Amino acid sequence: MFDYTYLPEMNLIPYLAEMMVKIVFIFSMNMGVFAPLLGWVERKQSALMQDRIGANRADIFGFTVFGLLHTLTDAIKLLTKEDFIPRGADRTLHYLAPFIAVVPALVAFAVIPFGGQYELWGHKANLVIADLDVGMLYIFAVASVGTYGAVIAGWASNNNWSLLGGIRVGAQMLSYEVAMGLTLVGIFMVYGTLRMTEIGAAQENFFHWGIFLQPVGFFLFIACALAENKRTPFDIPEAESELIAGYFTEYSGLKFAMFWMAEFLEMVTISAVLVALFFGGWQIPFVSHQMLADFFGFLGPNLAQVVTMLIHVGVFWAKVCLWIFILMLIRWTLPRFRYDQVMKLGWKIILPLALINIAVTGAVILLVR
Amino acid sequence: MLNQYVPVFVMTLAACGTAVAMIVLTSLIGPKKEFDDKMEPFECGVSPVADPKARFSVRFYIIAMLFILFDIEAVFLFPWAVVFRELGMFGFVEMMVFLGVLGVGLVYVWKKGALEWE
């Protein structure tokens, strides 16, 4: 099988080239595809779900392209808007907050494998930007930095509603961060590692997918992930009917767009984590890496690996898109929870259940062994 | 030799560059019209009365303190989970004792009403 202690000792130039290709690929997926397109998906999907037509006004010479041009008009509008900072606001922090919100959302993807490991013309390609041994812990660490962005935005705006949103976001994110860490301990016990590529490789057998080994952990994790993403039903920090827009009330132009982008990119990261931990990552059910490579064997060993790699990458992104669709479905189906309900769910339901899940998982592993 | 964190560093630089570019762009492009009424913090058209830097409920502080306690618990659990199979029964029982103590702490906090939001 594969050598998991893959370290770039061999050749500097291919290693750097591979690294840059992977970073550019993930960046263009995030900034070029998901960040602009999810705004359109959100509108179009909500329109379909609510039996509206939706997002079909912007056109070039009468062509609306399913409302896709709204993405373009949005970008132009946000770019040419005035950058507004209210009187009495802390200017430095007001500038800093969107920066802190968006950088973790872009960086968190680094440890998620979007494919396996492939031997191409003697060069071993590992389709993950950074194959860190701390893996998931890195995502927790980076994602929690994003909380500062929202809290600082609420504080810096000198607006009562913003501050309330900022405080709410702080308490909500802290509560669910505890629970989210504990919900995934079961997965780490089952696979015995934090490294995302190893977890992905261990799911080559369909019945070893995380969803079968950790069903309770999966449901607890998805609730926590939704809460961390601050979208409906957990969107009390930005509840528009009570707090105008919560912590980003006083933001306009691209600075507003950065909060919006961070939210969408977090959704992509959550979907990718769900896929990587619970839904087999890049693996296809019942079709192993070797079977694919053998099937395309007539192309020669290198091209067969290339085709296998492309199929795996395609499967991974297809799964991610499916999860984004499901998360959007949840967002447009459920009403907003009350604040006390959110806190109760986090501390009194998910936290104890996650602890019980750890104990049960441990007992089962010891019994089965 | 090259460290496995180099890609993370490169990616962070790229992300910071993107974010800075967006902030610089938005502060350069776009109109700048300032007048007194507009610069007020937005409160649906009413002039703000209360100062936002006022005090807020102590419950948020309690949540922050509980977060530290329980997140450190989670930090202890991660390395334990990774080597769980090697530790076997001994590690399991030991961690259950640890979780039991923390469970008692959670019940205490719960009964004291620190998790209540009326």
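Listed values, structure above:
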read-out	value
Restraint check, A:Lys77/B:Lys33; A:Lys77/B:Lys38; A:Lys230/B:Lys32, Cα-Cα greater than 28 Å	A:Lys230/B:Lys32
Value of D in µm² per second that Stokes-Einstein yields for chain A, Kirkwood Rh from Cα pairs, at 4 °C (1.567 mPa s)	59
Pairwise label distance in nanometres, A:Phe61 with A:Cys321, each label 7 Å out on the Cα-Cβ vector	2.7
Sulfur and carbon atoms: percent of accessible area, segment B:2-112 [1.4 Å]	73
Computed lengthening from A:Trp332 to A:Leu12, 0.36 nm per intervening residue step minus Cα-Cα distance	110.4 nm
Semi-axis lengths, Å, segment B:2-112, gyration tensor of Cα atoms, sqrt of 5 times eigenvalues	47, 30, 7
Length added when fully stretched, B:Ile68-B:Arg85, from 0.36 nm per residue minus Cα-Cα	3.3 nm
Given charges at beta-carbon only (K, R positive; D, E negative), |dipole| of segment B:2-112 in Debye	160
Number of partner chain Cβ atoms within 10 Å, mean per residue of A:175-184	4
C-alpha long axis of helix B:59-82 to longest principal axis of chain B, angle in °	50
Which of A:Asn30, A:Gly253, A:Leu265, positive extreme of dipole for the protein assembly as shown (C-beta unit charges)	A:Gly253
Distance between modelled label sites at A:Leu79 and A:Gln290, nm, 7 Å Cα→Cβ extension	5.2
Burial order of peptide ranges B:31-38, B:83-90, A:132-139 (average beta-carbon count within 10 Å, highest first)	A:132-139, B:83-90, B:31-38
Computed label-point distance, nm, for sites A:Arg369 and A:Ala141 using a 7 Å Cα→Cβ extension	2.8
Kyte-Doolittle at least -1.0, axis length at least 18 Å by Cα - qualifying DSSP helices, chain A	A:12-27, A:35-49, A:91-107, A:136-156, A:160-183, A:215-229, A:253-278, A:301-331, A:351-368
Accessible area of segment B:10-118 divided out per residue, in Å², using a probe of 1.4 angstrom	63
FRET E, pair B:Glu94, B:Leu13, Förster distance 56 Å, beta-carbon r, rounded to 0.05	0.85
Which of B:Val107, B:Gly91, B:Phe76, positive extreme of dipole for segment B:2-112 (C-beta unit charges)	B:Val107
Carbon plus sulfur fraction of accessible area for chain A, probe 1.4 Å, in percent	72
Cα point-scatterer Debye curve for segment B:29-79, base-10 log of I(q)/I(0) at q = 0.15, 0.18, 0.21, 0.25 Å⁻¹	-0.68, -0.75, -0.86, -1.00
Set of lysines with alpha-carbon distance to A:Lys124 below 22 Å, sequence-local pairs under 8 removed	A:Lys22
Accessible area buried between chains A and B, both sides summed, probe 1.4 Å, in Å² to nearest 100	6800
Under 15 Å from A:Lys81, Cα to Cα: aspartates and glutamates that are on another chain or at least 8 residues apart	A:Glu250, B:Glu34
Helix-only [θ]222 nm of the protein assembly as shown, DSSP H runs n ≥ 4, -39500 (n - 2.57) each, per residue, nearest 500	-21000 deg cm²/dmol
Average partner coverage of B:69-81, which counts Cβ from other chains inside 10 Å	6
Net dipole in debye of chain A [+1 Lys, Arg Cβ; -1 Asp, Glu Cβ; about Cα centre; nearest 20]	720
Protection proxy ranking of A:346-355, A:105-114, A:78-87, A:46-55 - average other beta-carbon atoms within 10 Å, highest first	A:105-114, A:346-355, A:78-87, A:46-55
Solvent exposure of chain A as accessible area per residue, Å², 1.4 Å probe	39
Per-residue HN-Hα couplings for segment A:60-67 [Karplus 6.51, -1.76, 1.60; θ = phi - 60°; Hz; x = Gly/Pro]	10, 6, x, 8, 9, 6, 6, x
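The values are calculated or read from the model by the stated rules, or taken from the named source; none is laboratory data. None of these values were measured; they are calculated from a predicted model. Note that each Cβ is placed from the backbone with ideal geometry, even for glycine, and that neighbours are counted across all protein chains shown. The protein model used for the area step is the full one, side chains on, heavy atoms only, and it has no ligands, DNA or RNA in it. Shrake-Rupley method; radii C 1.70, N 1.55, O 1.52, S 1.80 Å.
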